[in-house]
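The values are calculated or read from the model by the stated rules, or taken from the named source; none is laboratory data. Predicted model, so just to flag it, every value in this text is computed and none were measured. Every residue, glycine as well, gets a Cβ built from its backbone with ideal geometry; the counts of neighbours run over all protein chains shown.
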Amino acid sequence: MRSGKPYKSLAPGLLALLLTCASLPTQAQTYKVLHTFAGSPKDGQWPLGVLVRDAAGNLYGTTEDGGSGICGEFSCGTIFMLNKSGNEVGVFSFNEPDGTFPVAGLFRDSAGSLYGTTLQGGVHSCENDPPGCGTVFQLNKTGNKLRYYSFDGRNGEAPGSTPVILSGSLYGTTYEGGNINFGTLYKINGLGKETVLHKFNDGDGCGPSALIADPKGNLYGVTNVPSCGSGTLFELDTAGNFTTLLLFGGVAGAIPQSLIFDSQGNLYGTALEGGSNGDGTVFELSSQNGIWSGHALYSFCSLPLCVDGKSPRGQLVRDNAGNIYGVTADGGASDNGTIFKIDPSGNETVLHSFTGGSDGGNPFGGLISDASGNLYGAAEVGGDISCPGALQLGCGVVFELTP
């Protein structure tokens, strides 16, 4: 599953009207690089997942590569911790037996433990990934890693999304494995016992990811592997019933990447493809009497040369005024991605256009925000272009932006 270069894909409908065209992009003056990754052996490189932030302002995340652990021709990846000034104050390096190549974000519990997944590694080999089928891990606040679970293929392979914790148990998805290698939904209890909740089959879609929970504990997610169609929205309710709620495609968007709820129970997310221009959307999904429907709030690449961005990925942030913030992995003035804002009327503003240089490039994981509305994220490449082992693309950066 490794290509020897940064990912452009991790696995790397309903028609709707486009509400409005984009506003002219503007370069924000509030963008700041908090940390520039230096690569192996001490630092990480190529951060792909969304960040998590604690009450003190420290930021935590993962890098797909880098660190001191060696996995074949690559390093195995890291968990990093930055203080609120962006200084790196902690790095954990992965090794092949306990998991390698963490590409998703982290979940942080009230005790300060971090939970996440690795795409490969572990104690079981898989046909598609001989280095291992992937793991779920726990890192406590003192920096001691506890391997939480190692997949074996039959119960899942390649867990690539951030886990969710409900009532002391951990829930997540694997891109592959199960009955016909379409992926699984799993639960791991507090004792480390794993239960497969659903094995994806024909009609379900394949490559489940972006799992989130509603206030009642029902789980929602998407599938997004193009070989199985344009993607689906699914639900696993608290009674264990699995339902495909919606098929993506057309103007609403295809190949969904992320989900967030608003206070009314509507869902928002990014779709990598589709929309009126074919280069992705930000969508809204809602339910009336149990029937889900969706439409595009914005379709990307509507301006010359896609300076408004294309290929939106990762987690969105929605503020109290209904504005939505996110990132595109490509497009923008230099075709290295953007940070964007979409207002409630569907008008898009480019807040930052990445150059691929010292400011970073190709953000994947999306954004988080603090109580003041500042936005934080990571760009996969850029930063220090001389970073060792980074193919002269740079090892990536962590950034802050004030809209």
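Overview of values
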quantity: Odd one out for G178 among (1) closer than 13 Å to G116 by Cβ; (2) crowded, with 18+ Cβ neighbours inside 10 Å; calculated: (1)
quantity: Residue tally, condition over 14 Å from D279 (Cα atoms) and either surrounded by 24 or more Cβ atoms within 10 Å (Cβ to Cβ) or in contact with a Lys or Arg (Cβ under 9 Å, 6 or more places away or on another chain) (or both), over region 318-341; calculated: 7
quantity: Residue in region 364-375 that is buried (at least 20 other Cβ atoms within 10 Å of the Cβ), at pLDDT 95 or above and more than 18 Å from the chain's Cα centre (by Cα) present; calculated: no
quantity: Pick from region 246-258, criterion part of a strand (DSSP E or B) and either touching an Asp or Glu at 6+ places or on another chain (Cβ under 7 Å) or of a type outside the set (A, V, I, L, M) (or both), ranking: surrounded by the fewest Cβ atoms within 10 Å (Cβ to Cβ); calculated: A254
quantity: Failed criterion for L166 (all others in (1) crowded, with 17+ Cβ neighbours inside 10 Å; (2) more than 26 Å from F74 (Cα to Cα); (3) of a type in the set (A, V, I, L, M) hold); calculated: (1)
quantity: Matching entry among G77, G122 (being in contact with an Asp or Glu (Cβ under 6 Å, 6 or more places away or on another chain) and either modelled with pLDDT of 90 or more or at positive phi (or both)); calculated: G77
quantity: Verdict on F261 being closer than 24 Å to G365 by Cβ, surrounded by fewer than 24 Cβ atoms within 10 Å (Cβ to Cβ) and not aliphatic (A, V, I, L, M); calculated: yes
quantity: Hey, L166 in contact with a strand residue (DSSP E or B) (Cβ under 8 Å, 6 or more places away or on another chain) and of a type in the set (A, V, I, L, M, F, W, C) or not; calculated: yes
quantity: Pairs, first more than 22 Å from A329 (Cβ to Cβ) in region 360-374, second modelled with pLDDT of 95 or more and part of a loop (DSSP other than H, G, I, E, B), C-beta under 9 Å, six or more apart; calculated: D370/G57; G373/D319
quantity: From the options I255, I260, I212, residue that is within 16 Å of the chain's Cα centre (by Cα) and on the phi > 0 side of the Ramachandran plot; calculated: I255
quantity: Selected residue (criterion: farthest from H124 (Cα to Cα)) from residues of region 57-74 that are of a type in the set (G, A, S) and modelled with pLDDT of 95 or more; calculated: G57
quantity: Some residue of region 189-196 being closer than 26 Å to D262 by Cβ, of a type in the set (A, V, I, L, M, F, W, C), touching a Leu at 6+ places or on another chain (Cβ under 9 Å) and modelled with pLDDT of 95 or more; calculated: no
quantity: Complete set of residues in region 162-191 that are touching a Pro at 6+ places or on another chain (Cβ under 8 Å), under 22 Å from L51 (Cβ atoms) and hydroxyl-bearing (S, T, Y); calculated: Y171, T173, Y175
quantity: Output for region 376-403, where each listed residue is among the acidic types (D, E) and closer than 26 Å to D319 by Cβ; calculated: E380, E400
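Rundown of residues vs (1) closer than 17 Å to V103 by Cα; (2) of a type in the set (A, V, I, L, M, F, W, C), yes/no style:
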{"position": "T118", "(1), (2)": "yes, no"}
{"position": "G121", "(1), (2)": "yes, no"}
{"position": "K141", "(1), (2)": "no, no"}
{"position": "F151", "(1), (2)": "yes, yes"}
{"position": "S161", "(1), (2)": "yes, no"}
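Residues checked against (1) of a type in the set (V, I, T); (2) buried (at least 16 other Cβ atoms within 10 Å of the Cβ); (3) more than 30 Å from G331 (Cα to Cα):
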| residue | (1), (2), (3) |
| --- | --- |
| V50 | yes, yes, no |
| G57 | no, no, yes |
| G61 | no, yes, no |
| C71 | no, yes, yes |
| T78 | yes, yes, no |
| M81 | no, yes, no |
| A104 | no, yes, no |
| R108 | no, yes, yes |
